[in-house]
Amino acid sequence: MSIGLLSLIVIVLAVAGYFAGRRLAVSKVAGDIRKLHSLPSYYGQTVFLFTAVPALLFLAAWLLIQPLLIESRVSAMLNVADVPDGSSVSLMMTDVRRIANGIDLMLAKGGLNSADIAAMRTDLTDVRGRLAEVGVALGTNVTPAVFAAGKAYHDLSGTSRMMMTVGVLALALAGFVYAISRIQPEFRARNVTEAFVKVLLIGASCIAILTTVGIVLSLVFETIHFFRIYPAQDFFFSLTWNPKFGGGSDLGIWPLIWGTLYISLIALLVSVPVGIFAAIFLAEYASKKVRAVAKPLIEILAGIPTIVYGLFALITVGPMLRDYFAQPMGFGSSSSSVMTAGVVMGLMLIPFVSSLSDDIINAVPQSLRDGSYGLGATQSETIKQVILPAALPGIVGAVLLAASRAIGETMIVVMGAGAAAKMSLNPFEAMTTVTVKIVSQLTGDTEFASPETLVAFALGLTLFVFTLGLNIVALVIVRKYREQYE
């Protein structure tokens, strides 16, 4: 049974339990709901929650743990001698999963049945052709042992899905029966429901924390592995970025940091003034009709995919900056440059700054404006001396959001700034950023355990620490101004 269908069955059962719980509670008091401790809807909600939540949580936990257990069991079936020359256990497990998926596709298309799969020979004489018919291509170094592991992986996955289905349905039915059995007029259904929902809210809050911890730990462990095989002083103090997948690479981070900061600075120089001025106009000067048209048009920029901005940078902005500025001024002849990526990224960030700043300015109490006007200040003086200082903490947050968005952008940089890792003050030269190199290092053909691949995790951790520092600085600034104006 598919995951979607199983979840739908649980939800339908929970909804049916909701109505059954309401009707049963009313029937217990012969229709006089005044004798119930809680409203009938609370009794239905208890049935819904006890039916759906435990079953769906069990389903989610099973889906997280199942692949780990199956892979560990299948990999234990393989010996070191089963690993082909020039390959690794991780690559071999990739072929194992691919074979298992191919068997699923063959069964789904109806060309084979389970008996045919079990009878398929492991000498690979007919395996490649059958898998190729369903769009699964195997490598040339797949051995009979790997194919046997693929069949075992498929069998274990099928058994696991069956056990998961039985477990989820049994848990849902058990929760349904348990909740129905507790429905009595004196049952404190409202208290139970609110406590249950409180636990769910706490769990939802913990998901964000645990996700952050998981991201940091995954980066830290792989970064430690990287520094075991590559000197940390060369990574942090070298000014050369020259990865060689054959070995002997120079993996200094500073050219990437420089490109990231340079492009982000230009983007903020474009987006912050324009965004703040647009927010001031929309909040303080524009009429309702103008605001109703202008603000949605500005916010449309936030919905444009970054690949479209990248094409705009590659086809329009880059050649224009090259023909009208770079070549006449003698700064270069490349359409891919820091200026190209920075300008286009700044245009993309305008709605991030303007929309948030506009909402923050509108949130400033009208009493502050009235008090300023009562003292004889003009509108411009009120904006400069009252509104902007009061809204400054929120505006700093908007700028910080734009800065974080600029630092993490990849597609615009790839298509607008190029991929050259170097340090230069010329804004019309091609450079690159940390995020671009993370992508390029992880998509190569090198071994995953090589320093040329693991450096991506060190780059990601460095970028995370840098962004965290920006957040701390912004928090200090916000607290200082809040103490001054509140």
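The values are calculated or read from the model by the stated rules, or taken from the named source; none is laboratory data. Keep in mind that what you see is a predicted model, and the values were worked out from it rather than measured. Neighbour counts run over all protein chains shown; Cβ positions are idealised from the backbone, glycine included. With ligands, DNA and RNA removed, areas are computed over all heavy atoms of the protein, side chains included. Shrake-Rupley method; radii C 1.70, N 1.55, O 1.52, S 1.80 Å.
Were the residues from ALA294 through ASN191 laid out at 0.36 nm apart, the gain over their Cα-Cα distance would be 32.3 nm. Among the DSSP helices (H) of the chain, those spanning at least 15 angstrom by Cα along their long axis with an average Kyte-Doolittle hydropathy of 0.0 or more are 3-28, 40-77, 89-109, 144-181, 189-229, 254-280, 338-362, 388-407, 451-485; this is a geometric and hydropathy rule only. Based on protein heavy atoms only, the chain ends up with 52 Å² per residue of surface accessible to a 1.4 Å probe. Relative to the globular-protein estimate of 2.2 N^0.38 Å, the Cα radius of gyration of the chain stands at 1.32.
So between ALA208 and LEU39, what do we pick up on full extension, going 0.36 nm a residue minus the alpha carbon distance? Present the calculation step by step, with values, prior to reporting the outcome.
On the way: separation 169, 0.36 × 169 = 60.84 nm, distance 3.36 nm.
Roughly 57.5 nm would be gained on extension.
Ignoring any ligand, DNA or RNA, what whole percent of the accessible area of the chain comes from carbon and sulfur when the probe is 1.4 angstrom? So the carbon and sulfur contribution to the accessible surface is 67 percent.
222 nm [θ] for the chain, helices only, -39500 (n - 2.57) per DSSP H run of 4+, per residue, to 500?
Roughly -23500 deg cm²/dmol at 222 nm, from the helical runs in the chain.
Take the Cα of ASN362, step 7 Å along the line toward its Cβ, and report every residue of segment 296-317 whose backbone nitrogen sits under 13 Å from that point. Inside the label zone: 296-297, 299. For the pair PHE281 and VAL216, the difference between a 0.36 nm per residue extended length and the Cα-Cα distance amounts to 19.3 nm. Annotation for TYR373 and LEU5: the two label points, set 7 Å from Cα along the Cα-Cβ direction, are 6.6 nm apart.
For ASP234 and VAL29, the FRET efficiency from 1/(1 + (r/R0)^6), where r spans their Cβ atoms and R0 equals 56 Å, is about 0.10. Remark on ASP250: its backbone amide H falls under 5 Å from those of ASN242, LYS244, a criterion applied only to residues 5 or more positions apart or on other chains, H modelled at 1.01 Å from N.
Based on the mean of other beta carbon atoms within 10 Å per residue, what is the order of 265-276, 284-295, 43-54, most packed first? Please list the in-between numbers first.
On the way: 265-276: 20.3, 284-295: 12.4, 43-54: 25.0.
Ranked by mean Cβ neighbours within 10 Å, highest first: 43-54, 265-276, 284-295.
Applying 1/(1 + (r/R0)^6) with R0 = 35 Å to the Cβ-Cβ distance of ASN242 and ALA174 gives a FRET efficiency near 0.05. Charges at C-beta only: +1 for Lys and Arg, -1 for Asp and Glu. How large is the resulting dipole of the chain about its Cα centre, in Debye rounded to 20? Here the size comes out at about 1720 debye.
Exceedance of the 29 Å cut-off in Cα-Cα distance is limited, within the set LYS437/LYS480; LYS295/LYS437; LYS384/LYS480; LYS198/LYS295, to LYS437/LYS480; LYS295/LYS437; LYS198/LYS295. The value obtained for segment 219-353, namely the Cα convex hull volume divided by the number of residues, is 181 Å³ per residue. Each label point was placed 7 Å from the Cα along the Cα-to-Cβ direction; for SER333 and LEU64 their separation is 5.8 nm.
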